[in-house]
Amino acid sequence: MLKRLFGIAIAAIVFLFQVVPAAQAAQMDVATRTVPLNPEGATLTLSLKQVSEGKRLFQYACAQCHAGGVTKTDPNVGLDPEALTLATPPRNSVASLIDYMKNPTSYDGVLEISEMHPSLKSKDIFPEMRNLTEEDLTVIAGHVLMMPKVVGDRWGGGKIFY
């Protein structure tokens with residue numbers, strides 16, 4: 001009987017240590033949740049609910065091709081801060097990522113690629129885009145911009161990490 005109670009106590013302690021870090025992770029600080037809103041320098045601080053919703057919607061609409069911030073169809077262009085900044089036009093703010101999700105262009109900004117990339121413009125081809133609202137696009141963009149702060153260089157790190 002004593003062995004059984006000891007086993008249950010050990011299991012409870014192990015379970016407790018697994019649950020507590022997850023609860024703490026949900027309490028991201030304001031600096032982590034603050035992302036660039038537009039190229040002019042304004043910022044947006046996401047609520048914890050928006051952080052959760054952004055992750056969920058990214059998994060639903062984007063992660064098939066962009067798991068971990070990589071781009072499966074073109075491993076040279078990821079969702080890491082450097083790649084977003086060097087795009088033409090730069091895609092390193094919520095507003096510019098929303099623009100991209102509405103009207104995607106090639107990395108150099110020359111070609112319109114809505115027939116190849118999910119967007120609101122091509123929602124008849126890509127059904128996962130059909131029901132996304134402006135707020136949904138905002139939290140997805142916020143998720144993309146926040147992830148480098150959460151996982152560091154792993155976000156968009158490609159074959160090195162995934």
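None of the figures in this text is laboratory data; all of them are computed from the coordinates on show. Treat the numbers as computed from the prediction; the structure is a model and nothing was measured. Using ideal geometry, Cβ is built from the backbone for each residue, glycine included, and neighbour counts are taken over all protein chains shown.
With r defined as the distance between the Cβ atoms of residue 115 and residue 27 and R0 fixed at 35 Å, what FRET efficiency is calculated, to the nearest 0.05? Intermediate results must be reported in sequence, preceding the final value.
Values: r = 42 Å, r/R0 = 1.20.
It comes out at approximately 0.25.
Going by amide H atoms built from the backbone, whose H comes under 5 Å of the H on residue 113, apart from near neighbours?
The answer is 105, 106.
So how do 55, 72, 49, 123 line up by other beta-carbon neighbours within 10 Å, fewest first? It would help to have the intermediate numbers written out before the result.
Details: 55 18, 72 12, 49 9, 123 15.
Ordered by Cβ neighbours within 10 Å, fewest first: 49, 72, 123, 55.
As a quick test, which of the pairs 49/123; 55/102; 55/123 have an alpha carbon distance above 23 angstrom in this structure?
Values: 49/123 26 Å; 55/102 19 Å; 55/123 20 Å.
Cα-Cα > 23 Å for 49/123; rest within.
Please report the relative contact order for the range 59-133, taking Cα pairs under 8 Å with a sequence separation of at least 6, and give it as a percent rounded to a whole number.
On the way: 79 pairs, mean separation 13.2, N = 75.
The value is 18 percent.
Under 14 Å from a point 7 Å along the Cα-to-Cβ line of residue 150: which residues of the range 109-134 have their amide N that close?
none
Go through the range 61-69 residue by residue and turn each phi into a ³J(HN,Hα) via Karplus (6.51, -1.76, 1.60, θ = phi - 60°); whole Hz please, and just put x for glycine and proline.
Each residue's phi maps through the Karplus curve to give 9, 10, 5, 4, 10, 10, 4, x, x Hz.
Determine the sum of side-chain charges near residue 83: Lys and Arg each +1, Asp and Glu each -1, restricted to other residues whose C-beta is under 13 angstrom from that of residue 83.
Numbers: positive: 91; negative: 74, 80, 82, 108, 153.
Residues near residue 83 contribute -4 overall.
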